[in-house]
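Worksheet for the structure shown next.
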C-alpha cells in the first residue's frame with residue numbers, strides 16, 4: 001500500500017507539470033498551424049498527426065490521473081440511480097409502438113414503390129443517417145429511444161397478446177447458449193457490409209427488401225424464444241442502441257425515469273450479450289468506413305482491383321471482394337487490439353472472463369468513433385430529411401411544403417467540425433479508460449495493481465486514438 | 001528504393017505511430033524498473049464473477 005501511495009503521489013505531483021505542457025502546446029499549436037490557411041473541407045486546423053499527438057497525450061495524462069485519484073471501485077455494484085416515478089409511462093408504449101410500425105411500413109413502401117435514386121428516396125437517408133447515426137447519438141444522451149418505437153418488437157408483443165387472448169400461447173423455447181451473441185454480431189457486421197462494401201447497398205429497393213428480411217427474422221426469433229429474451233439477446237439493432245443508451249445519464253423503465261452518472265450504466269451491460277466480439281465489431285465497422293476512404297486504401301484499390309478484375313472477378317465484383325477483405329481486416333485488427341489488452345489478465349482471470357469483463361469499456365469508444373466519423377454526415381446530410389419527408393418517394397410531391405429546402409453547409413465550419421471530432425474521440429477514450437480502471441479496481445482491489453493491469457489497455461487506447469485521428473485525417 | 005522515393009507521401013502516416021511507440025517504450029521502461037526493484041505485481045486473487053443485467 002505504501003508503494004501504491006508513493007507511486008500515486010509521484011504521479012499526482014507530475015500531473016500539474018504535464019497539464020501545463022499540454023496547455024502550452026494547445027495555445028501554441030493552433031496559432032502556428034491555423035496560419036497555413038484553410039481552403040477546402042479537407043484541410044485541417046492542425047496537421048492530423050499533431051492532433052493525434054495532443055489527443056494521445058491527454059489520454060495518457062488521464063490514465064495517470066485515474067491511477068492517482070480514482071482509488072476505489074465506484075460502479076462495482078452498478079451506478080447509483082435516483083428514481084423518478086412517472087405514472088402511466090407504460091401506457092405510451094402501445095401508441096409509440098404503433099408509430100414505429102407505421103413508420104417502418106411507410107419507409108419500406110417508399111423503398112419499393114418510390115424513386116430508385118438513393119438521393120431522392122427517403123429510405124436510404126433514414127436508414128444510414130437517422131437510424132444508424134442519429135439514434136445511437138440520441139440514445140447516448142436521453143436513453144434508449146429505439147426500444148419503444150421498435151416496430152418488430154411492437155408486432156411481436158401484439159401477436160403475443162393476441163395469442164394469449166385466443167388461448168394459443170405456449171412457453172417459449174430456452175435461448176440456446178451456443179447461439180450466444182451470434183445473431184447480434186451477424187446482424188451488425190452484415191449491416192456494416194451492406195453500407196460500406198456492397199455496391200447496391202443504398203439502392204432503395206434493396207434496403208427495403210433487407211429491412212423486411214430482418215423484421216421477418218426478428219419475428220421468427222420472438223416466436224421461438226419469446227419477445228423479451230429475443231429482443232434482449234438476438235435483435236442486433238435493439239442491442240446496438242441499448243449499448244449506447246447505457247452511456248446516457250437517463251434510464252427509462254415502465255415505472256418511470258432514473259438518473260445516474262453518465263457512462264456508468266455501461267458497467268451493467270451483460271457480457272453474454274455485449275461480448276468482446278460485438279463491441280469490437282461496433283468499433284471496427286466505423287473504423288473501416290474511415291479506412292475505406294483513406295488514401296492508403298485508395299492506393300491499394302488502384303493496385304489490386306484491376307488485378308482482381310483481370311482474373312475474372314469483373315469490374316463490379318472486384319472492388320467488393322477487396323472491400324470485404326479490408327472490412328474483415330479492420331474488424332480483426334480491432335478485435336486483436338482488444339485481445340492484446342486483455343492478454344496479461346488471461347492468466348489471472350481466464351481468457352474468456354478477461355475478455356468479457358472489460359468489453360463494456362469499448363462502448364464509449366464506439367460512440368466516439370460514430371460521432372467523430374459521422375458528425376458531419378449527421379449535421380449536413382441530416383438536413384436532407386426535411387425535403388425528403390415532404391417528398392418521400394421522389395415523385396415530385398410536396399406534402400409539407402419543404403421539398404425545395406437545401407442543405408445549409410455553413411452550419412459548422414470544417415475547422416470546428418474537426419475540433420468536435422478530436423474532442424469526442426479523446427472523451428470517448430478517457431471514458432473507456434475510466435470504465436476499465438473502475439472494473440480493474442473491483443477485480444484486483446488495490447489502485448496500484450489495478451493501474452498496472454491496465455497498462456496494456458492504455459496502449460490499446462493510445463493505438464485506437466491514433467488510428468481514429470489517422471482515419472479522420474486521411 | 002521506390003518506397004524511399006515516396007517518403008514524402010507516407011512519412012506523415014508514420015508520425016501517427018510515434019505516441020504508440022513512446023507509450024510502449026515508457027511502459028516497458030517503467031515495468032523494467034519495477035522488476036529490478038522487486039516491485040512486480042504477483043498473482044492477484046480475483047473476485048467471484050460479476051452479475052450484470054444489461
For segment A:48-94: rounded, prolate or oblate by the Cα gyration tensor [a/c cutoff 1.5] = oblate
note = Residues of segment A:271-301 with backbone N under 12 Å of the label point set 7 Å from the Cα of residue A:377 along Cα→Cβ are A:285-293
ask   = What length, rounded to one decimal in nm, is gained on full extension from residue A:72 through to residue A:415, with 0.36 nm per residue of separation minus their alpha-carbon distance?
value = 119.5 nm
Sorted by Cβ density within 10 Å, fewest first, the residues A:339, A:260, A:85 = A:85, A:339, A:260
ask   = Tell me, how many Å apart are the Cα centres for segment A:428-461 and for segment A:308-328?
value = 41 Å
note = Partner shielding of A:71-80, taken as the mean number of other chain Cβ atoms within 10 Å, equals 1
inquiry  = Neighbour counts of other C-beta atoms within 10 Å: give me A:419, A:263, A:197 arranged from fewest to most.
reply    = A:419, A:197, A:263
request  = Please average, across the residues of B:17-26, the number of beta carbons from any other chain that are within 10 Å of each residue's own beta carbon, and give a whole number.
outcome  = 6
task = Please report, to one decimal in angstroms, the Kirkwood hydrodynamic radius of segment A:126-235 built from all distinct Cα-Cα pairs.
result = 15.4 Å
query = When only Cα pairs under 8 Å and 6 or more residues apart are kept, what is the percent relative contact order across segment A:260-363?
reply = 44 percent
request  = For chain A, compute Rh as the Kirkwood radius over C-alpha pairs and then the Stokes-Einstein diffusion coefficient at 10 °C and 1.306 mPa s; write the answer in µm²/s, rounded to an integer.
outcome  = 66 µm²/s
remark   = In Å³ per residue, the alpha-carbon convex hull of segment A:197-285 encloses 134 Å³
note = With Rg from the Cα atoms and Rh as the Kirkwood inverse mean 1/r over Cα pairs, segment A:184-241 has an Rg/Rh of 1.02
query = Where does segment A:331-474 land on the Kirkwood hydrodynamic radius, alpha-carbon pairs, in angstrom?
reply = 17.7 Å
request  = Note the direction-averaged projected area, equal to a quarter of the hull surface, for the Cα convex hull of segment A:235-332, in nm².
outcome  = 8.7 nm²
key: Exercise: per-residue mean of other protein chain Cβ atoms within 10 Å, A:462-470   = 4
request  = Mind running the shape call on segment A:392-474? Use the C-alpha gyration tensor, a ≥ b ≥ c as the square roots of the eigenvalues: rounded below 1.5 for a/c, prolate if a/b tops b/c, oblate otherwise.
outcome  = prolate
note = Proxy exposure order for A:123, A:173 (fewest C-beta within 10 Å first) is A:173, A:123
ask   = Taking N as the number of residues in segment A:275-408, what is its Cα Rg relative to 2.2 N^0.38 Å?
value = 1.47
request  = Subtract the Cα-Cα distance of residue A:343 and residue A:209 from 0.36 nm times their separation in residues, and report this length gain in nm to one decimal.
outcome  = 44.0 nm
message = If packing is taken as the average number of other Cβ atoms within 10 Å across a peptide's residues, how do A:163-172, A:182-191 rank, most packed first?
response = A:182-191, A:163-172
remark   = Expressed in nanometres to one decimal, the distance between label points 7 Å along Cα→Cβ at residue A:171 and residue A:102 is 3.9 nm
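The numbers here are math on the coordinates, done by the rules we state, and not lab data. It should be emphasised that the depicted structure is a prediction, and the values quoted were computed from it without experimental measurement. When we count neighbours, we look across all protein chains shown, and the Cβ atoms used for this are built from the backbone with ideal geometry, even at glycine.
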